[in-house]
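Note sheet for the following structure.
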Amino acid sequence: MSEGTQTTCRVNVNGTTVEEILDWDYSDDVMSIAEECHFTVDNKARKYRDLLRIGDKVEFILQNPSVNGGAPTVKHRGRIVRRHPKYNPRDGSTIGITSADLGWHLQNCDAPLWLSLKNKTYADVCDPATSKFFDPSWGFTGVRFDGNIRRSLKQGVAVAALQAQKVLDVVHVIQIEPGDKVFDKLVQYSKRINLLVNVSPDGQLCCFLPDYSQEPLYYIRNVDGDESNNVLDCEAEEDAKTRWTEVTVVGEQVGWDGPKDAQNPNATKKRGNVRHPGNLPFLHRHTVADGEMYQNGLAQKHAEWIYKRGRFDAWWVKYTVADHHQNGHWWVADTMVYVVDDELGLAGNYYVQSVRCRGSKTGGDTTEVVIRLPGVLSASLGVIADPTFRTPPSESTTGTPQAAP
């Protein structure tokens, strides 16, 4: 099932190439803002004892003759955030390194205290050139409201520079409070306009929508007696916890100075509601109070986002396949894969949420691929369409989301 030549891994740290890589793994996950790579370095003769320090810049590069004509691909740019030296007489001296991309800063740094976002647009909040959420020392180079370039860079495909599309909706004024993380606020605003947040290998912040209309770049096949099978192992999980049959979001209208109904304490509240009774054979209601949902439209959008995100979280399958590439393409997240699996009863196109590539000098190349249901990661107004592919019997749904009476 292997496509041949093993992938070569090269790591540059502060501009110096580290040759003695014993093993490594690399993760690409649409749902993780701080993607990591890990590698173990042979520290023979204490060569790297005083190098590979916390905070050093890292470029993680993969290369394979079967991908992009053998050209190297920078899969990850980041900084060393964890190091783990080890020594014993049998194995000698090694140093385990964890490098995280620029999203680590957004996830681990608190936002500037009491910062006001009055009269700021979404683009102003997300643009490292103008937003006080970002510090120049982090190394962000800009923002783009598009996921295609990020995906192409992960695949090692040359792309043309595009003008960033500005999102001009004014942000509702919310003051930063103690302990608020930069990433939490970026996500809070981005989900209002149905965008995911991630970081591109070229240092750009990416606010984007998944493209479920992509043609599948890969296939996964697990059919009895089929010579084209490529599954080494698989596992799946379904969970009823977030499979809601009804979601309601309640917000307070800000600055309301109109008539007040003393008999109705909820007169100024805004409500969004989505119902899907066929999602489970019993009622599973979820209600959320969110003071930022100051318009009916925002409350409705949030309710739909919660409902669809719950469906996303409630079902996943993880496959392990040989190699880090297929059909001349690196395995990357935010793509589509065609699956035929008799064991789990799947057939159709699914969304690749994450991939984890592993390699070592003593073992072969393998990739873990986590797939999710397509069409449910981002919210949109209107009817949630039924999937066009075959799903496991327990995932089948009937009914149509209904507006609140």
Set 154/308; 185/301; 154/318; 47/361; 118/308; 185/269, cut-off 25 Å on Cα-Cα distance; pairs above it are 154/308; 118/308
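What ranking, highest mean first, results for peptides 52-62, 142-152 when packing means the other Cβ atoms within 10 Å averaged over each residue?
Values: 52-62: 17.4, 142-152: 19.9.
The most tightly packed comes first, giving 142-152, 52-62.
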Normalised per residue, the volume inside the convex hull of the alpha-carbon atoms of region 70-123 in Å³ amounts to 119
Residues other than residue 248 with Cβ under 14 Å of its Cβ, Lys/Arg counted +1 and Asp/Glu -1, net out at +3
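Translational D (Stokes-Einstein, µm²/s) of region 1-80 at 25 °C and 0.890 mPa s when Rh comes from the Kirkwood sum over C-alpha pairs? Let's see the in-between values first.
Values: Rh = 13.9 Å.
Reported coefficient: 177 µm²/s.
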In whole percent, the fraction of accessible protein surface over region 1-127 that belongs to carbon or sulfur atoms, probe radius 1.4 Å, stands at 48
FRET efficiency for residue 50 and residue 219 from the Cβ-Cβ distance with R0 = 41 Å, rounded to 0.05, comes out at 0.30
Note: residue 322 to residue 74 extended length (0.36 nm per residue) minus current alpha-carbon separation gives 87.2 nm
Distance in nm between residue 338 and residue 241 label points, each 7 Å along Cα→Cβ, equals 3.6
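The values are calculated or read from the model by the stated rules, or taken from the named source; none is laboratory data. Treat the numbers as computed from the prediction; the structure is a model and nothing was measured. Positions of Cβ are generated from backbone atoms using ideal geometry, with glycine treated the same way; all protein chains shown enter the neighbour counts. We work out accessible area using only protein heavy atoms, side chains counted, and drop any ligands, DNA or RNA first. Shrake-Rupley method; radii C 1.70, N 1.55, O 1.52, S 1.80 Å.
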